[in-house]
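**Student:** Dropping a structure here in structure tokens format, bear with me for questions.
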There are 2 protein chains.
Amino acid sequence: MVSMLKVDLSNVWGDLSLPDLLATEQEVFAAHKTLAEGRGPGNDFLGWLELPTFEETEELQRIRRAAERIRADSDVFVVVGIGGSYLGPRAAIELVKGQNHNLKDSDPQVFFAGNNLSTRAWQELCELLEGKDFSINIISKSGTTTEPAIATRALRWMLERKYGAEKAKKRIYVTTDPKHGALRQMATEEGYESFIIPPNVGGRYSVLTAVGLLPMAVAGIAPMDVMLGAARARKELDIRSFENPAWQYAAIRNLLYRRGKAIELLGCYEPSFRYFAGWWQQLFGESEGKDGKGLFPATVEFTADLHSLGQMIQQGQRNLFETIVRFAPPRKRTTIEVDWKNLDGLNYLEGKTLDFVEEQAFQGTLSAHVDGGVPNIVLQTDEVDADTLGELFYFFELSCGISAYMLGVNPFNQPGVEFYKKNMFHLLGKPGY
Amino acid sequence: MVSMLKVDLSNVWGDLSLPDLLATEQEVFAAHKTLAEGRGPGNDFLGWLELPTFEETEELQRIRRAAERIRADSDVFVVVGIGGSYLGPRAAIELVKGQNHNLKDSDPQVFFAGNNLSTRAWQELCELLEGKDFSINIISKSGTTTEPAIATRALRWMLERKYGAEKAKKRIYVTTDPKHGALRQMATEEGYESFIIPPNVGGRYSVLTAVGLLPMAVAGIAPMDVMLGAARARKELDIRSFENPAWQYAAIRNLLYRRGKAIELLGCYEPSFRYFAGWWQQLFGESEGKDGKGLFPATVEFTADLHSLGQMIQQGQRNLFETIVRFAPPRKRTTIEVDWKNLDGLNYLEGKTLDFVEEQAFQGTLSAHVDGGVPNIVLQTDEVDADTLGELFYFFELSCGISAYMLGVNPFNQPGVEFYKKNMFHLLGKPGY
């Protein structure tokens, strides 16, 4: 029996009170309704609401089979994409398979390319590919975004030189629009196996399509396990009351914003959560950061950052609050051993498990930060696994949609991203700029 | 001929003017003087000012020789530490040797432990150590900080089981206080080779001691190369006028703070800069985040985050500014090739180098963000190498000392860090709490 994610709001009260929260009920109800009925701004990008499924669709079967083939014929899988096409799959693989997944022999290595313009990073990737059998996954709606397009061109050449034109084609997997765009055309003309990004799903909401699921599957995370967690969340988060964890999270962060908080810090006690936090940062930052509005989404990794940003959280400007993601304890525990000399003074912990110490660090930090004037939202979920991952993805996506509508912005556009591109194209001498 | 770091302030003007900057001259002068003469709060922690040296000291020789021994007898080097004892060495190794340094055969793998309480991270490390010859470096002033002490205890047991008690001792390297504390006592009693953290150097200012230099040396970064860069910076940054880049940086960030900016975003176009940004975040956050004051130090990785936080930077709340670190172009360039089909529309870049495209992305982003109301400070430095690393460390440390004195806080204490510890010790049942 898997338990549903819970939002614990008992550490947010101070300036805020429960009646303040309850007073937003009509507003949250309206935001959820607008989202669910597709009547708000950006309503042509609501496909993500209905992605989670309890059945293995034909697309999911093809993803599974492609992943099996790649796992059999490739030492390395290079995922080419930027934005959601990068952060989604990376978040999933690092959280579930660990930060050092590429050092383990059990699964193919997965590298990410096309998310930067660094010559050094590119040359490092080329070195890492030397002597290895590899396949690539090009993820892009258009196929013309500069960073992934440059990486794609170079990687295609590398594959053709290594395997010859025909065999190279069998090592190129494309995830793109079903009909339109340069990448779709390329896939059709060259005969690459291809997967779909539905036109009504935006980049930062795309992790539960082939965008996230094919790289996960190659890394050894079963797509259906992720989907089942997401499908369960989809069902349970449809409730229209404050029993809905997404309502609680969306409402409270808007209230804290209205009371003057400028920064939301997403924190976790698992180092492997780092890129998930990066995915969350894009989701909320890009959905809400517009029209001069929005909480700045920052991230912390505990306990490491208690010895870094911890000082500022405790005693700096009181313009921030924390959202802490808590996973259930690990099944396999580690016990602290005795040392007869006890120079480190740790013998009082003898026989205790590491996760017990971690839980006390969490509780101690929670009360210290709350006492210091930093409201804390706690999201309690299950073990770190594919099912929980699916649940977290859907929970944050739904919360973000509701939250952004409460904020009064379109959660599904990103007009500001074009500005640097236009300047860059002009400087690069791109035809038409 | 190595060129000195330059601060470009031409993109910060708007609300601010050059006369505003010049009006702070007496204040910056006083802050620098207070720091250099050791007459401000925290003046018992100024040892870092004088660490950079043009000569190889005896300590540096011992570091070099220990590193040679470790490189010869170990596949893996585990660095145990938290805060500055973690972020400093990790920042250095990832920036210079790349994010994937542990996947290359040329140098020993370096893993970091004792910076979290995650059972999963610990068990992953144990798996990675299986069948490998390894040595450990315990970095702690006291030897009793919970996270590193737990990791140390477990790693010592692992070494003793693997090699026997006597041989294990030769694989344990200690970096700690010269006289006091549990770790010093342990090193003396057990006969571990040990290095010094001077008592007048705090954690976040310790990277140019053995704290940073031994792990760097094991990873293949010559300590004297780092020191020479730092020593050059020490000399050149002693100038007492606005020609001093540290003056410019310290003054302008204080002015922006006084005009209401809440967040400083440190950004770079090199993915390998990620942990250097983490080191910077600790340096400034822990030095300035107190007494209800301080800019929140956040980090961005471009161009990836242009497709994430970029939207918010362009059009969100106008409460932030950016500081962008620019490295010189790489010596070895990569050229974009032609593709006769040109489906991606990239042929206009044929024959251009990747770093040329990157430079235009930087310029285009800079003007887009400035036009959007986000002041940009640009720090232009040399190539990514050990010398530049040393320069950057010293530049930021000195700037931070000056900046914090301008802010009116003690840059060298961290009283807020104790709060969570006290709560945690109480919950853990530690004697005396």
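Laboratory data are not the source of any read-out in this text; all were calculated from the coordinates shown. For clarity, every value in this text was computed on a predicted model and none was experimentally measured. Positions of Cβ are backbone-derived with ideal geometry, glycine not excepted, and every protein chain shown enters the neighbour counts.
**Student:** Once you sort the root eigenvalues of the Cα gyration tensor of segment A:49-222 as a ≥ b ≥ c, which label holds: rounded (a/c under 1.5), prolate (a/b larger than b/c) or oblate (the other case)?
**Tutor:** rounded
**Student:** Using helices alone, what [θ] at 222 nm do you get for the protein assembly as shown, with -39,500 (n - 2.57) per DSSP H run of 4 or more residues, divided over all residues and rounded to the nearest 500?
**Tutor:** -14500 deg cm²/dmol
**Student:** Run the reach check for B:LYS167 against lysines, Cα to Cα strictly under 16 Å, same-chain hits fewer than 8 apart removed. What comes back?
**Tutor:** The qualifying lysines are B:LYS132.
**Student:** Here is a further query. Any chance you could give the angle, 0 to 90 degrees and rounded to 10, that helix B:146-163 forms with the longest Cα principal axis of chain B?
**Tutor:** 50 degrees
**Student:** Still on this model: For segment A:57-67, what does the Karplus curve 6.51 cos²θ - 1.76 cosθ + 1.60, with θ = phi - 60°, yield as ³J(HN,Hα) per residue in whole Hz, taken in order and with x for Gly and Pro?
**Tutor:** Residue by residue, segment A:57-67 yields 6, 4, 4, 5, 5, 5, 4, 4, 5, 4, 4 Hz.
**Student:** Relative to the other copies, what are the label-point distances for B:HIS426, with labels 7 Å from Cα along the C-beta vector, expressed in nm at one decimal and sorted shortest first?
**Tutor:** So the label point of B:HIS426 gives 5.9 nm to the other copies.
**Student:** A further question on this structure: Counting Lys and Arg as +1 and Asp and Glu as -1, each charge on the Cβ, what is the dipole of the protein assembly as shown about the Cα centre in debye, to the nearest 20?
**Tutor:** 40 debye
**Student:** Now for a different question. Shortest first and in nm with one decimal, please list how far the B:GLY164 label point sits from its counterparts in the other copies (point 7 Å along Cα→Cβ).
**Tutor:** Output for B:GLY164: 5.8 nm, nearest copy listed first.
**Student:** Is segment A:36-123 best put as rounded, prolate or oblate by its Cα gyration tensor, with a ≥ b ≥ c the root eigenvalues, rounded for a/c under 1.5, and otherwise prolate when a/b is larger than b/c, oblate when not?
**Tutor:** Oblate.
**Student:** For chain A, find the longest principal axis of its Cα atoms and tell me its angle to the long axis of helix A:25-37, 0 to 90°, nearest 10.
**Tutor:** For helix A:25-37, the angle is close to 20 degrees.
**Student:** Now, a different point. Taking the Cα centre as origin and putting +1 on Lys and Arg beta-carbons and -1 on Asp and Glu beta-carbons, what dipole magnitude results for segment B:1-136, to the nearest 20 debye?
**Tutor:** Once rounded to the nearest 20, the dipole reads 220 debye.
**Student:** Now for a separate question. Near the amide H of A:PHE195, under 5 Å away, which other amide H atoms are found, from residues 5 or more places off or on another chain, if H is placed in the peptide plane?
**Tutor:** A:VAL174, A:THR175, A:THR176
**Student:** Sorted from shortest, what are the nm distances separating the label point of A:ASN319 from equivalent points in the other copies, each placed 7 Å from Cα along Cα to C-beta?
**Tutor:** Those label-point separations list as 0.5 nm.
**Student:** Would you mind checking which residues have amide H under 5 Å from A:GLY143's amide H? H placed 1.01 Å from N; only 5 or more apart, or other chain.
**Tutor:** So A:GLY143 has HN proximity to A:LEU183.
**Student:** Can you give me the Cα centroid spacing of segment B:257-308 and segment A:78-133 in angstrom?
**Tutor:** That distance is 25 Å.
**Student:** Oh, and also: If I take every Cα pair under 8 Å that is 6 or more residues apart in segment A:49-222, average their sequence separation and divide by the length, what percent do I get for the relative contact order?
**Tutor:** 32 percent
**Student:** Give the order of A:HIS101, B:HIS369, A:HIS426 when sorted by the count of other beta carbons within 10 angstrom, beginning with the fewest.
**Tutor:** In order of increasing Cβ crowding within 10 Å: A:HIS426, A:HIS101, B:HIS369.
**Student:** Here's another thing I want to ask about it. Name the residue farthest towards the positive end of the dipole of segment A:49-222 from the options A:VAL79, A:GLN123, A:ILE136, assuming +1 on Cβ of Lys and Arg, -1 on Cβ of Asp and Glu, about the Cα centre.
**Tutor:** A:GLN123
**Student:** GNM on chain A, C-alpha springs below 10 Å: top fluctuator among A:GLU58, A:GLU391, A:GLU301?
**Tutor:** In this elastic network of chain A, the residue with the biggest mean-square fluctuation among A:GLU58, A:GLU391, A:GLU301 is A:GLU58.
**Student:** If you don't mind, another one. Please work out the Cα center distance from segment B:201-248 to segment A:228-245, rounded to the nearest Å.
**Tutor:** 52 Å
**Student:** After finding the eigenvalues of the alpha carbon gyration tensor for chain A, what semi-axes result from the square roots of 5 times each, listed largest first in whole Å?
**Tutor:** 37, 28, 21
**Student:** Which of the listed residues, B:LEU295, B:SER272, B:PRO330, is farthest toward the dipole's positive end in segment B:270-346, when Lys, Arg count +1 and Asp, Glu count -1 at the beta-carbon?
**Tutor:** B:PRO330
**Student:** If you line up the long axis of helix B:417-428 against the longest principal axis of chain B, both from Cα atoms, how many degrees apart are they, to the nearest 10?
**Tutor:** Roughly 40 degrees, rounded to the nearest 10.
**Student:** What nm distance separates the two modelled labels at A:ARG161 and B:GLU418, each placed 7 Å from Cα along Cα→Cβ?
**Tutor:** About 6.1 nm, to one decimal.
**Student:** Computed over the Cα atoms, what is the radius of gyration of the protein assembly as shown divided by 2.2 N^0.38 Å, N being its residue count?
**Tutor:** 0.91
**Student:** When Cβ neighbours within 10 Å are restricted to other protein chains, what is their mean count per residue of peptide A:359-371?
**Tutor:** That average works out to 6.
**Student:** Let me see the P(r) profile for segment B:1-74: every Cα-Cα distance counted, bins of 10 Å, each bin given as a percent of all pairs.
**Tutor:** For segment B:1-74, the binned pair fractions read 13, 22, 28, 21, 12, 4 percent.
**Student:** Mind putting a number on the dipole of segment B:49-222 about its Cα centre? Charges go on the C-beta only, +1 for Lys and Arg and -1 for Asp and Glu, and I need it in Debye to the nearest 20.
**Tutor:** I would put it at about 280 debye.
**Student:** According to the square roots a ≥ b ≥ c of the eigenvalues of the Cα gyration tensor, what is the shape class of segment A:236-296, taking rounded for a/c under 1.5, prolate for a/b larger than b/c otherwise, and oblate for the remainder?
**Tutor:** Oblate.
**Student:** Take the alpha carbon atoms of segment A:344-400, find their center, do the same for segment B:334-390, and report the distance between the two centers in whole angstrom.
**Tutor:** About 40 Å separates the Cα centre of segment A:344-400 from the one of segment B:334-390.
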